[in-house]
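See below for the structure under consideration.
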Amino acid sequence: MKLNTNSNSYIIIYSAVLVVIVAFLLAFVYQALKPMQDANVALDVKKQILYSLNIRNLDGAEAEAKYAEVVKEEKDDNGQKVYLCNVDGNEVCVCFVKGMGLWGGISGYVAIDDEGKVYGAYFNHESETAGLGAEIKDSQAWQEKFIGKKIWDENGNVVLSVVKKVEDPATQVDCVTGATLTSNGVDAMLKDGLKNLNQTEEK
């Protein structure tokens, strides 16, 4: 009996079989690549932490080795990710912070020295505008402006801030030119994340 390839039933069955085959192949490829994807994500996190410690320009193997050398302990206190590090004899605490930018999520790692000042910082984003808000990630020069800034006042309040006009160079960083809303997001992210860190340290 010859199949009627023009019938509705044939078209439906053919389409269903094709969808199942494609779905199976995609699932297989996803599972096969997942370990590699997870490893790449983990390596990227380690590199971001190293960036916040002012350690850059390392390839994958070098970054893995350096991370193992400087990061002494990883902690997660009530969702607050903290990394205790030793860099050239300096005790440094790296704190993970996250918030919202203009178009999506933003995040970062802030390294803090034993005097409560910024040792280094690195920021990331999901979808900020290239050349504007994306500069929080792409501009190393802007990230380096945070180095040496005081984070808390004597009462434990976060005084580190991102502003349009710097009036207190000891605690303030000027915002990214043309990206006020993204800069405001970074400011709010720092105040929220570092406040939580200060409370965690007091417990």
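The values are calculated or read from the model by the stated rules, or taken from the named source; none is laboratory data. As the structure is a computational prediction, the values presented were derived from the model and not from experiment. Every residue, glycine among them, receives a Cβ derived from its backbone with ideal geometry; neighbour counts consider all protein chains shown. The accessibility values were calculated without ligands, DNA or RNA, using every heavy atom of the protein model including side chains. Shrake-Rupley method; radii C 1.70, N 1.55, O 1.52, S 1.80 Å.
A few points about this structure:
- Residue-wise HN-Hα coupling along the range 123-135, computed from phi with Karplus coefficients 6.51, -1.76, 1.60 (Hz; x: Gly, Pro): 10, 9, 8, 9, 7, 6, 5, 4, x, 10, x, 5, 5
- In the structure shown, the pairs 145/191; 145/165; 47/165; 34/75; 66/150 are assessed against 23 Å; a Cα-Cα span above that value is assigned to 47/165; 34/75; 66/150.
- Sequentially through the range 172-186, phi angles give Karplus couplings (6.51, -1.76, 1.60; θ = phi - 60°) of 10, 10, 6, 5, 5, 4, x, 9, 4, 5, 5, 4, 4, x, 5 Hz, Gly and Pro residues having no value and appearing as x.
- Judged by the gyration tensor of its Cα atoms, with axes a ≥ b ≥ c, the range 15-126 is prolate; a/c meets the 1.5 cut and a/b is the larger of a/b and b/c.
- Length-normalised contact order of the range 83-195 in % [C-alpha pairs under 8 Å, at least 6 apart]: 24 percent
- Of all accessible heavy-atom area on the chain, the percent that carbon and sulfur account for (1.4 Å): 55 percent
- Contact order relative to length of the range 1-88, as percent, for alpha carbon pairs under 8 angstrom and 6 or more apart: 15 percent
- Heavy-atom accessible surface of the range 55-203, averaged per residue, reaches 52 Å², computed with a 1.4 Å probe.
- Taking every protein chain into account, the 1.4 Å probe leaves residue 51 with about 60 Å² of accessible area, to the nearest ten.
- Highest to lowest packing among 112-120, 23-31, scored as the average C-beta count within 10 Å: 112-120, 23-31
- Springs join every pair of Cα atoms under 10 Å in this Gaussian network model of the chain, and among 78, 124, 155 the largest mean-square fluctuation is at 155.
- Take every pair of alpha-carbon atoms less than 8 Å apart whose residues are at least six positions apart; their mean separation over the length of the chain yields a relative contact order of 14 percent.
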